[in-house]
Amino acid sequence: MTDTMQIMLVMAAYMLVVIGIGLAFARRANRSSEDYFLGGRTLGPWVTAMSAEASDMSGWLLMGLPGVAYWCGIADAAWTAIGLGLGTYINWLIVSRRLRRYSEKAGNAITLPEFFSNRFHEKKPVVMTIAALFILIFFTVYAASCLVTCGKLFSTLFGLGYVPMMMVGAAFVLVYTIIGGFLAESASDFMQAVVMITALVVIVATGTAAAGGLGAVLDNAAAIPGFLDFFGIATPVTVDGVQQVVDGAPQFGAAGSYGLLSILSTLAWGLGYFGMPQVLLRFMAIRREGELNASRRIATVWVVISLTVAVFIGVVGRTLFPTALTTASDAENIFILLSTNLLPAALAGLVMAGILAATISSSDSYLLIAASAFSKNIYQGLLRREATDKQVLNVSRLTLLAITAVAIVIAMDEDSVIFTIVSFAWAGFGATFGPLMLMSLFWKRINRAGAIAGMVGGGVMVFVWNLLVRPLGGVWDIYELLPAFLFSCLCIVIASLLTAPPDQEIQREFDQVAG
């Protein structure tokens, strides 16, 4: 049996296990929309923590982040990882407990748009509709990044075309999400989180040993200008985007600067957590509020280990295969290259399943939340209030098909960089919902006008900064999440203070939750 066949069989076996989990939860998931979209608030602390982080990290943890470190050194990747680690801990520490309590108090909300709408006692669902539309937009982009991961993985492994392989991955994820709902994806995400961290540790240990040990890896990296510098960055010498190779050695220019603005820009990734629906929903779905302390510890340890190892895999890859990947897009295949060259075929198949695990665990969350935003919050909340639970579930499945189709179109470009796609969607959620979430939970004076202004201001600013301001370069080359997050905060405060305060019933509800 060929190595490729062994890898394929192991990955197929893994996919069958994932489908089995979906089928096991299918009956319960279809009992009601609350069970389908939030699992009936029955998640335990381990599943809550691990599924939140697995759905959050996606394939960019195993491909995007190592690819950045391989291409230009540790500065970009490491500061991003530090921001994400801090954001994870703070989000679990200050948001999780109060959101769990408030979402139940606010009409037993089961989606994020529904929580925001109920929080401000809306009679006309304007906040709900705006939130749902932004979720549809940014999760469609997010889902596209997962399909790019599937396409790169399968085409690299099996030597087949990128587009058909991407579409095969899309079909699998779509069928799985339709079958099982939130409980299935949470249970499988727990398993996938275990597979992901195991795959990362196995590859970094095997790769370091193959490179001659930690000292040899660090010596090689230190010879590249700026590669190991937290305040500098390596600059590959490229022609038409392709790194030049001379006498078997990849060419680098002088180290670039990595100043305070760049550091703040990458640390700003941590702000995204406050508005990330797939994580916030886990806070709402946990069985008991008191179990969130355990979940916080589990999630933080998992994230710190995974991010650290993922960054170092890029450094190891530069030592072992310095000239194998000569574009920023190709660099994201370093995890696959290490796995297939250093491990026995069967074990490589299991590690490749780690990438598939990361992709599935994210894309099913993205698709499910986006579908719920339309079916529950726009279809039932705005267009057809008398819709039955069965009709809502049917519309959600049709929405899944439509979102997947759009995501496939976005993912058609084989040269797409996963990290770039994810960073835009991450900024979108962080700026649109992060400030609103924090102020909804901790500022009594925020009102409905402030909520609308904050969402629209933050969401629009992400597009404006990314497309119009950031290309100016220089001091304007800041990750769009930071300026958009701050602008959203400003919009909320100004709009809330210029309009009437929330009524006494809303303030009384806030005090009950805060107490």
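The values are calculated or read from the model by the stated rules, or taken from the named source; none is laboratory data. Model, not experiment: these values are computed from the prediction. Reconstructed Cβ throughout: ideal geometry from the backbone, glycine too, with neighbour counts over all protein chains shown. Please note that ligands, DNA and RNA were not included when accessible areas were found on the heavy atoms of the full protein model with its side chains. Shrake-Rupley method; radii C 1.70, N 1.55, O 1.52, S 1.80 Å.
Out of everything in the stretch 219-243 that is free of Cβ contacts under 8 Å to residues at least 12 places away in the same chain and closer than 25 Å to ASN341 by Cα, what residue ends up being most open to solvent (accessible area, probe 1.4 Å)?
Looking at the filtered set, the residue picked out is ASP219.
Search the stretch 333-358 for residues that are within 25 Å of GLU53 (Cα to Cα) and modelled with pLDDT under 90 and pair each with any residue that is in a helix (DSSP H, G or I) and among the small types (Gly, Ala, Ser) when their beta-carbon atoms are under 6 Å apart and the residues are at least 6 apart or on different chains.
ALA348/SER339; VAL351/ALA199; VAL351/SER339; GLY354/ALA199
Write out, first by first residue and then by second, each pair whose Cβ atoms fall under 7 Å of each other, whose residues are 6+ apart or on separate chains, and whose first residue, in the stretch 101-125, is more than 16 Å from GLN380 (Cα to Cα) while the second is of a type in the set (Gly, Ala, Ser) and part of a loop (DSSP other than H, G, I, E, B).
SER103/ALA109; ARG119/ALA106
Looking at (1) open to solvent by less than 10 Å² (accessible area, probe 1.4 Å); (2) without any contact (Cβ under 8 Å) to a residue 40 or more places away in the chain, which is the one condition that is false for LEU260?
Tallying (1) open to solvent by less than 10 Å² (accessible area, probe 1.4 Å); (2) without any contact (Cβ under 8 Å) to a residue 40 or more places away in the chain, LEU260 fails exactly one: (1).
So, of the residues in the stretch 419-453 that are assigned to a loop (DSSP other than H, G, I, E, B) and in contact with a Ser or Thr (Cβ under 9 Å, 6 or more places away or on another chain), which turns out to be surrounded by the most Cβ atoms within 10 Å (Cβ to Cβ)? Please lay out each step first, then the result.
Pass one, the stretch 419-453, residues assigned to a loop (DSSP other than H, G, I, E, B): 443-447.
Going one step further and asking which of them are in contact with a Ser or Thr (Cβ under 9 Å, 6 or more places away or on another chain), we end up with 443, 445-447.
Values: TRP443: 13, ARG445: 14, ILE446: 27, ASN447: 21.
Checked the stretch 419-453; the qualifying residue surrounded by the most Cβ atoms within 10 Å (Cβ to Cβ) is ILE446.
Go through PHE424, PHE433, PHE419 for me and flag whichever is within 30 Å of SER257 (Cα to Cα) and touching a Gly at 6+ places or on another chain (Cβ under 6 Å).
Details: PHE424 fails: touching a Gly at 6+ places or on another chain (Cβ under 6 Å); PHE433 fails: within 30 Å of SER257 (Cα to Cα).
Selected residue: PHE419, the only one of PHE424, PHE433, PHE419 that is within 30 Å of SER257 (Cα to Cα) and touching a Gly at 6+ places or on another chain (Cβ under 6 Å).
Which of the residues spanning the stretch 390-402 are over 15 Å from ILE135 (Cα atoms) and open to solvent by less than 60 Å² (accessible area, probe 1.4 Å)? Don't jump to the end; show me each part of the working.
To start, the set of residues in the stretch 390-402 that are over 15 Å from ILE135 (Cα atoms) comprises 390-395, 397-398, 401.
If the condition is that a residue be over 15 Å from ILE135 (Cα atoms) and open to solvent by less than 60 Å² (accessible area, probe 1.4 Å), then GLN391, VAL392, LEU393, VAL395, ARG397 are the ones that fit.
For the stretch 245-257, what are the residues that are touching a residue at least 12 places away in the same chain (Cβ under 8 Å) and over 27 Å from LEU307 (Cβ atoms)? First the steps, then the outcome.
Going residue by residue through the stretch 245-257, those that are touching a residue at least 12 places away in the same chain (Cβ under 8 Å) are 245, 248-257.
Those that are touching a residue at least 12 places away in the same chain (Cβ under 8 Å) and over 27 Å from LEU307 (Cβ atoms): VAL245, GLY248, ALA249, GLN251, GLY253, ALA254.
Regarding VAL395, is this residue closer than 17 Å to LEU61 by Cα and part of a helix (DSSP H, G or I)? Give the derivation first.
Working: closer than 17 Å to LEU61 by Cα: no; part of a helix (DSSP H, G or I): yes.
Considered against the rule, which asks whether it is closer than 17 Å to LEU61 by Cα and part of a helix (DSSP H, G or I), VAL395 comes out as no.
What do you reckon, is LEU320 surrounded by fewer than 21 Cβ atoms within 10 Å (Cβ to Cβ) and at negative phi?
yes
Is there a residue in the stretch 458-472 that is open to solvent by less than 70 Å² (accessible area, probe 1.4 Å), β-branched (Val, Ile, Thr), modelled with pLDDT of 95 or more and touching an Asp or Glu at 6+ places or on another chain (Cβ under 7 Å)?
Yes, the stretch 458-472 contains a residue that is open to solvent by less than 70 Å² (accessible area, probe 1.4 Å), β-branched (Val, Ile, Thr), modelled with pLDDT of 95 or more and touching an Asp or Glu at 6+ places or on another chain (Cβ under 7 Å).
Results for (1) in contact with an Asp or Glu (Cβ under 6 Å, 6 or more places away or on another chain); (2) open to solvent by less than 20 Å² (accessible area, probe 1.4 Å); (3) among the small types (Gly, Ala, Ser), shown as yes or no for each residue.
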| position | (1), (2), (3) |
| --- | --- |
| GLU104 | no, no, no |
| ALA109 | no, yes, yes |
| PHE115 | no, yes, no |
| VAL126 | no, no, no |
| ALA131 | no, yes, yes |
| ILE137 | no, no, no |
| THR149 | no, yes, no |
| LEU157 | no, no, no |
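I'm checking my understanding of the structure. Among residues of the stretch 161-183 that are at pLDDT 80 or above and either aromatic (Phe, Trp, Tyr) or not in a helix (DSSP H, G or I) (or both), which one is surrounded by the most Cβ atoms within 10 Å (Cβ to Cβ)?
Filtering first and then ranking leaves TYR162.
Without any contact (Cβ under 8 Å) to a residue 60 or more places away in the chain, among the hydroxyl-bearing types (Ser, Thr, Tyr) and under 26 Å from GLU480 (Cβ atoms): is that true of SER306 in this structure? Don't jump to the end; show me each part of the working.
On the way: without any contact (Cβ under 8 Å) to a residue 60 or more places away in the chain: no; among the hydroxyl-bearing types (Ser, Thr, Tyr): yes; under 26 Å from GLU480 (Cβ atoms): yes.
In short, no.
Please find, within the stretch 184-196, the residue that is surrounded by the most Cβ atoms within 10 Å (Cβ to Cβ) out of those that are at pLDDT 75 or above, farther than 21 Å from PHE154 by Cβ and within 16 Å of the chain's Cα centre (by Cα).
The extreme case among them is ALA193.
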